[in-house]
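Beneath this line is the structure, given in structure tokens, with notes to follow.
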Amino acid sequence: MSDKLRVLLTGFGPFPGAPHNPTQPLVARLARLRRPALHDVEIASHIFPVTYAAVDRQLPEVLAAQKPDALLMFGLAARTSYLRIETRARNAVTMLWPDAANTRASKRGIATDADAMAFGPHTARLLRAARLTGIDARPSRDAGAYLCNYLSWRAIENVRSGRPQLAAFIHIPLLARSGAVRRKGAARITLEELVDSGEAMLMEMVQLARKARNTQAS
């Protein structure tokens, strides 16, 4: 196994209501980044189908294969006009909307008698890194009750088990297409702006993961 720091980036595929999920091109662009500050970093990527079964099956598989030090996840929040840095995962799952495989959750909670789980204080640093690029980024305590929240919950479970050391989930809005604007007149965030903020958050995650590794080694 390489001694390089390893970061895993994830997004989601299309689902009903979002035939073109913008997390896919974002993750693809970030995975191709080549920067001097990333000379000792291996970046892997994975796109999850929008189903509960896929998350339960593929997350353990990709974590075992990649053994990432940090996990940076992206999901679509189509009704939000800004970047949302999720600070926690709720013990909630919707029974109203089926996933992309037309499967509905059989219960409203993910775990029995469990409170919400926090990603950790590093989310504040990701928020600051994103804002420094000029993008509208805000903290969020509610990741919803669909696949984004579900993946967040499963990721934090793995962090608490020791691998990866850090995880974060970022909700992105629908992106601008051909000069499209939102109903209120505010221009939509472009892919280039999103890549810039994504790079800033990725660099912050790398620094945090590097610090965590050095602390463990000392």
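Return a yes/no flag: does the range 11-21 have any residue that is touching a Gly at 6+ places or on another chain (Cβ under 9 Å) and open to solvent by 60 Å² or more (accessible area, probe 1.4 Å).
We begin by selecting, within the range 11-21, every residue touching a Gly at 6+ places or on another chain (Cβ under 9 Å); these are 11-12, 21.
Within this subset, residues satisfying the condition of being open to solvent by 60 Å² or more (accessible area, probe 1.4 Å) are none.
The answer is no, given that none of the residues of the range 11-21 is touching a Gly at 6+ places or on another chain (Cβ under 9 Å) and open to solvent by 60 Å² or more (accessible area, probe 1.4 Å).
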key: In the range 1-42, the residues that are free of Cβ contacts under 8 Å to residues at least 24 places away in the same chain, in contact with a Ser or Thr (Cβ under 6 Å, 6 or more places away or on another chain) and under 21 Å from W97 (Cα atoms)   = none
key: Conditions (1) modelled with pLDDT of 95 or more; (2) surrounded by 21 or more Cβ atoms within 10 Å (Cβ to Cβ); (3) over 23 Å from V206 (Cβ atoms): number failed by F74   = (3)
remark   = Scanning the range 78-103 for residues that are of a type in the set (A, V, I, L, M) and at pLDDT 95 or above, the one nearest to E157 (Cα to Cα) turns out to be A89
request  = Check A130, A186, A168, A124 and return the single one that is at pLDDT 95 or above and open to solvent by 50 Å² or more (accessible area, probe 1.4 Å).
outcome  = A124
inquiry  = Looking for something open to solvent by less than 60 Å² (accessible area, probe 1.4 Å) and touching a Ser or Thr at 6+ places or on another chain (Cβ under 8 Å) - is there at least one such residue anywhere in the range 148-156?
reply    = yes
remark   = Given (1) open to solvent by 20 Å² or more (accessible area, probe 1.4 Å); (2) under 26 Å from P68 (Cα atoms), A101 misses just (2)
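The values are calculated or read from the model by the stated rules, or taken from the named source; none is laboratory data. Being a predicted model, the structure only gives us computed values, none of them experimental. Reconstructed Cβ throughout: ideal geometry from the backbone, glycine too, with neighbour counts over all protein chains shown. For accessibility, only protein heavy atoms count, side chains too; no ligands or nucleic acids. Shrake-Rupley method; radii C 1.70, N 1.55, O 1.52, S 1.80 Å.
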